[in-house]
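**Student:** Here it is, the structure, as structure tokens.
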Amino acid sequence: MAAITEPYYEALGRGRLVLQHCKACDQAVMYPRHRCPVCHERDLGWISASGRGVLLSFAVQRFGAPSGFDADTPYALGVVRLAEDVQLLGRLWPDADGEWNAYACDAPVEFHPAAPEEVLRRPVAWFRLNPR
Amino acid sequence: MTAPAPMAEAAFVGIAELPSGRYPDRSFMGSLVDVAVEAVRDAGLSMTDIDTLLLIPCLHSAADQADLVFSRVVEELGLAGRAKSSVMLHSGGSTSDNTVRTAASLIAAGHARNVLILQAEKWGSAPVGEMIDMLTANGIPREWEKASGLSFNAVGALIARRYMAVSGATAEEMASVCVALREWARLNPNAMYRDRALTVAQVLDSRLVSDPLRAFECPMMADGAVALVLTGAERARASHETWVRIAGSGGCVSHYSIGQEPDLAVLGWPTASAQAYEQAGWGPGDADIAEVYDSYAAVLAIALEGLGLAPVGDAARMFAAGDFSPGGRLPVNTNGGLLSAGHTGVGGGTALLAEAVRQLLGRAGSARQIEGAARAVCGGSGGTYMDSQVLLLERVSR
Ligand SMILES: [Zn+2]
């Protein structure tokens, strides 16, 4: 079996956000797992995520970043709960002024991919505000 | 048929602690041996009475941690050929709670007579950058979150932001949590910041590290060492006027990675505390003190609310009103907590636990001893606040 990171990273590189899906119990699964954490069957495939969700919380890293991330500062991290009722940690696109002042807890957000080179460098899902 | 013998209830009878802070000349193994000897003497036992060693991990060095795993302490303490078991347990910041439950169970089941719990950490002397990187492998999934650049301060910031949004707590109120802990630390000769006052203005003037957290709201890594001795209640009764029993415990592992926590402002505390209070037969209103994991202000506020020690959404406001400060309604983290006594890694929770035992034994010293403290609520949490562990302790007098 291929590493479960591969289909996920490959989709991110094509500008797509995918989720695991359990065919046995029709459950979306995120983060990807070796077996379905609900019914424990192995019948897991991949589905396209809606990309829409709400921002549960976010942080803006300015100092004390892990090694290799200093050049990225400041950068924002957010926990997003998707419409499929699963959640993940991602990066947030800055506002026009380079800050994140327009973001708030429970704000609607949507997946907005980074360029393939960036995803190759850092396999992360990026989100932006979704002014519904 | 005769009735089964009553289980031997576990009793805390000895404690020892080294001051927390930066002590580059203090060796890791030397610190462990020093607190071990002091705690066993404090318990009124001989070293050879110890049959079980439960070791709390250090995080500053994989080699030093390997020494814990592979029984080096047994040789250092002269217990080779005598010790029945020496084992390291690890669940990050909740390790001491899990270790105490394990010790009590071993004693109750007759697998151990006298248990020595040992902890030492050298975070304060270790390179900060290396420790930040090491922590990104402690509770942050390398496949799904590490590439985002998540740091532990950002984990604290994600929790703080959510707590502030749902509670309406202001930046001043969050800063006041740090100030209250500093007031306690000023009364504790073992605290890293015993000599440095802190004001809300100073906190709010410090630079943003990971919004909404500012520099003075992030814990400072420290060296430290703690030892605890547990024995059976019968033995405690034979030789001690006062000891401490475990009235109840509870726990809830709510997630592994922060990205999977459904309620960042609640975590596992309500589930864990309900279990513990039910077992103890008493409630939050009966607590005389609370010693609860506090690597960030919001982490402590959320825990106090889940433990029923503050109404939901009010904990930070109550800190600002002085309710949890020296002289306040309920003394909280009377050693200064991780935020002001020093973050000794896994040991931060161990120091809080030792402080609870010390207070209940009436040995916290005149400056910060809570008169008549008989019941303590202790809470710990590991990794990305993956679990909420509760120990309810009470004083027993012969
Ligand atoms: Zn399933």
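**Student:** Test A:Thr5 against the criterion of being under 24 Å from B:Asp133 (Cβ atoms) and in contact (Cβ under 8 Å) with a residue 60 or more places away in the chain, and give yes or no.
**Tutor:** yes
**Student:** Tell me whether the range A:9-28 contains one or more residues that are in contact (Cβ under 8 Å) with a residue 40 or more places away in the chain and farther than 20 Å from A:Ala114 by Cα.
**Tutor:** Yes.
**Student:** Pick from A:Leu17, A:Leu56: which is in contact with a strand residue (DSSP E or B) (Cβ under 6 Å, 6 or more places away or on another chain), away from the ligand (no atom under 16 Å from the Cβ) and either open to solvent by 70 Å² or more (accessible area, probe 1.4 Å) or assigned by TED's automatic domain parsing to the domain that holds A:Gly90 (or both)?
**Tutor:** Of A:Leu17, A:Leu56, the one residue that is in contact with a strand residue (DSSP E or B) (Cβ under 6 Å, 6 or more places away or on another chain), away from the ligand (no atom under 16 Å from the Cβ) and either open to solvent by 70 Å² or more (accessible area, probe 1.4 Å) or assigned by TED's automatic domain parsing to the domain that holds A:Gly90 (or both) is A:Leu56.
**Student:** Which of the helices (runs of 4 or more DSSP H) contained wholly in the range B:97-208 include at least 3 residues that are within 12 Å of another protein chain (Cβ to nearest Cβ), among the hydrophobic types (A, V, I, L, M, F, W, C) and open to solvent by less than 10 Å² (accessible area, probe 1.4 Å)?
**Tutor:** It comes to B:152-167.
**Student:** Something else: Among all residue pairs at least 6 apart or on different chains, which show Cβ distances below 6 Å where the first residue, located in the range A:36-50, is of a type in the set (Lys, Arg) and the second is part of a loop (DSSP other than H, G, I, E, B) and within 13 Å of the ligand (Cβ to nearest atom)?
**Tutor:** The qualifying pairs are A:Arg42/A:Arg35.
**Student:** Turning to a different aspect of this structure: So how many residues does the range A:30-78 have that are of a type outside the set (D, E, K, R) and in a strand (DSSP E or B)?
**Tutor:** Qualifying residue count, the range A:30-78: 18.
**Student:** Follow-up question, since we're still on this one. So which residues in the range A:85-98 are open to solvent by less than 50 Å² (accessible area, probe 1.4 Å) and either in the same structural domain as A:Ala11 (by TED's automatic domain parsing) or in a loop (DSSP other than H, G, I, E, B) (or both)?
**Tutor:** Selection gives A:Val86, A:Asp95, A:Gly98.
**Student:** Next question. Here are some residues: B:Asp25, B:Asp49, B:Asp34. Which one is open to solvent by 70 Å² or more (accessible area, probe 1.4 Å), in contact (Cβ under 8 Å) with a residue 60 or more places away in the chain and out of contact with any Gly (no Cβ under 9 Å at 6 or more places or on another chain)?
**Tutor:** Within the list B:Asp25, B:Asp49, B:Asp34, the selection yields B:Asp34.
**Student:** Residue check, A:Leu92 against (1) within 17 Å of A:Val18 (Cβ to Cβ); (2) more than 8 Å from chain B (Cβ to nearest Cβ), all met but one. Which one?
**Tutor:** Among (1) within 17 Å of A:Val18 (Cβ to Cβ); (2) more than 8 Å from chain B (Cβ to nearest Cβ), the lone unmet condition for A:Leu92 is (1).
**Student:** Of all residues in the range A:60-79, how many are over 22 Å from A:Arg128 (Cβ atoms) and either out of contact with any Gly (no Cβ under 7 Å at 6 or more places or on another chain) or open to solvent by 40 Å² or more (accessible area, probe 1.4 Å) (or both)?
**Tutor:** Here the count works out to 5.
**Student:** Restricting the search to the range B:372-390, which residues are open to solvent by less than 10 Å² (accessible area, probe 1.4 Å) and of a type in the set (D, E, K, R)?
**Tutor:** If the condition is that a residue be open to solvent by less than 10 Å² (accessible area, probe 1.4 Å) and of a type in the set (D, E, K, R), then B:Asp387 is the only one that fits.
**Student:** Let me ask another. Let me spell it out: the conditions are (1) away from the ligand (no atom under 16 Å from the Cβ); (2) at pLDDT 95 or above; (3) more than 10 Å from chain B (Cβ to nearest Cβ), and A:Cys105 meets all of them except one. Which number is the exception?
**Tutor:** (3)
**Student:** Go through the range A:24-34 and give me each residue that's more than 27 Å from A:Leu92 (Cβ to Cβ) and more than 8 Å from the ligand (Cβ to nearest atom).
**Tutor:** Within the range A:24-34, just A:His34 meets the criteria.
**Student:** Kindly establish whether A:Tyr31 is under 18 Å from B:Glu145 (Cα atoms), among the aromatic types (Phe, Trp, Tyr), within 14 Å of chain B (Cβ to nearest Cβ) and touching a residue at least 24 places away in the same chain (Cβ under 8 Å).
**Tutor:** yes
Yes/no per residue for (1) of a type outside the set (Phe, Trp, Tyr); (2) in contact (Cβ under 8 Å) with a residue 40 or more places away in the chain; (3) surrounded by fewer than 23 Cβ atoms within 10 Å (Cβ to Cβ):
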| site | (1), (2), (3) |
| --- | --- |
| B:Pro284 | yes, yes, yes |
| B:Ala297 | yes, yes, no |
| B:Leu307 | yes, yes, no |
| B:Gly327 | yes, no, yes |
| B:Gly337 | yes, yes, no |
| B:Ala351 | yes, yes, no |
| B:Gln369 | yes, no, yes |
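**Student:** State whether one or more residues within the range B:81-90 are within 19 Å of the chain's Cα centre (by Cα) and not aliphatic (A, V, I, L, M).
**Tutor:** Checked the range B:81-90: at least one residue is within 19 Å of the chain's Cα centre (by Cα) and not aliphatic (A, V, I, L, M).
**Student:** Of all residues in the range A:1-14 being exposed (fewer than 14 other Cβ atoms within 10 Å of the Cβ) and more than 12 Å from chain B (Cβ to nearest Cβ), which is modelled with the lowest pLDDT?
**Tutor:** Checked the range A:1-14; the qualifying residue modelled with the lowest pLDDT is A:Met1.
The values are calculated or read from the model by the stated rules, or taken from the named source; none is laboratory data. Only a predicted model underlies this, so the values are computations on that prediction, with no experimental measurement involved. All Cβ positions, even for glycine, are placed from backbone atoms using ideal geometry, and neighbour counts span all protein chains on display. Side chains included, ligands, DNA and RNA excluded: accessible areas come from the protein's heavy atoms. Shrake-Rupley method; radii C 1.70, N 1.55, O 1.52, S 1.80 Å.
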